[in-house]
Amino acid sequence: MLKLTELAPLETHADDVVTLTYDARQKCRLVSTTDKGISIGMMLPRGQMLRKGLVFTSPGPFRVRVDAAPEAVSIVRTDDALLFARACYHLGNRHIALQILASELRFLTDHVLDAMLEGLGLTVSHDVLPFEPESGAYHSHGH
């Protein structure tokens, strides 16, 4: 197994990619297999998470970029700023990981949350897309 413990500068070329779900990217230590079939162990300092775009290096150097796997997500779109804010508030109040885009929210599909948002007057659609939620105000945004 190839151990990856150092982060490369942003925009560094990667030799391979590891595609992970949101749940897997929450771990600071993870054993996985790259898209090319190489067994790897990734280790970050405690409290950090594997964000999409991070590039790990190993002695050699061999570089592996983290990518977000497509997952079942619920999507809410609205141009109504108040309704958008209410949706963010109610989902955030439940500590739901949210990907916030211009006039669009994404979260891992949950039929109970879908029904809550529909009750607020929003339309919920579904797709399978990479999920990269906000990191939170108390987590580092840097790589």
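Quick rundown of the values:
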read-out	value
Unique match (being more than 25 Å from ALA8 (Cβ to Cβ) and of a type in the set (A, V, I, L, M, F, W, C)) among VAL66, VAL31, VAL73, VAL55	VAL73
First in the range 94-110 and under 10 Å from ARG77 (Cα atoms), second anywhere and of a type in the set (Phe, Trp, Tyr), Cβ under 8 Å, 6 or more apart	SER103/PHE84; LEU105/PHE84; ARG106/PHE131
Given (1) touching a Leu at 6+ places or on another chain (Cβ under 6 Å); (2) assigned to a strand (DSSP E or B); (3) under 16 Å from ARG25 (Cα atoms); (4) in contact (Cβ under 8 Å) with a residue 40 or more places away in the chain, index of the condition PRO133 fails	(2)
Residue within the range 71-78 that is on the phi < 0 side of the Ramachandran plot, surrounded by 12 or more Cβ atoms within 10 Å (Cβ to Cβ) and free of Cβ contacts under 8 Å to residues at least 24 places away in the same chain present	no
Lone unmet requirement of (1) in the same structural domain as ILE100 (by TED's automatic domain parsing); (2) part of a strand (DSSP E or B) for ASP79	(2)
In the range 3-25, the residues that are under 13 Å from ALA69 (Cα atoms) and not hydrophobic (A, V, I, L, M, F, W, C)	THR19, THR21, TYR22, ASP23, ARG25
Residue ID - nearest to the chain's Cα centre (by Cα), chosen from residues in the range 96-130 that are among the polar types (S, T, N, Q) and surrounded by 16 or more Cβ atoms within 10 Å (Cβ to Cβ)	GLN99
Residues of the range 17-31 that turn out to be more than 20 Å from MET1 (Cβ to Cβ) and buried (at least 17 other Cβ atoms within 10 Å of the Cβ), as a count	1
Given (1) without any contact (Cβ under 8 Å) to a residue 24 or more places away in the chain; (2) under 29 Å from ALA115 (Cα atoms); (3) loosely packed, with under 15 Cβ neighbours inside 10 Å, index of the condition PRO59 fails	(2)
Members of the range 97-114 that are outside any strand (DSSP E or B) and over 17 Å from ARG51 (Cα atoms)	ALA102, SER103, THR109, ASP110, HIS111, VAL112, LEU113, ASP114
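Here's the yes/no breakdown for (1) more than 16 Å from TYR22 (Cβ to Cβ); (2) outside the structural domain of THR21 (by TED's automatic domain parsing); (3) aromatic (Phe, Trp, Tyr):
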| site | (1), (2), (3) |
| --- | --- |
| ILE40 | yes, no, no |
| ARG46 | yes, no, no |
| ARG51 | no, no, no |
| PHE62 | yes, no, yes |
| ALA85 | yes, yes, no |
| THR123 | yes, yes, no |
| SER135 | no, yes, no |
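The values are calculated or read from the model by the stated rules, or taken from the named source; none is laboratory data. This is a predicted model, so every value here is computed, not measured. So basically every Cβ, Gly included, is an ideal-geometry build from the backbone, and we count neighbours across all protein chains shown.
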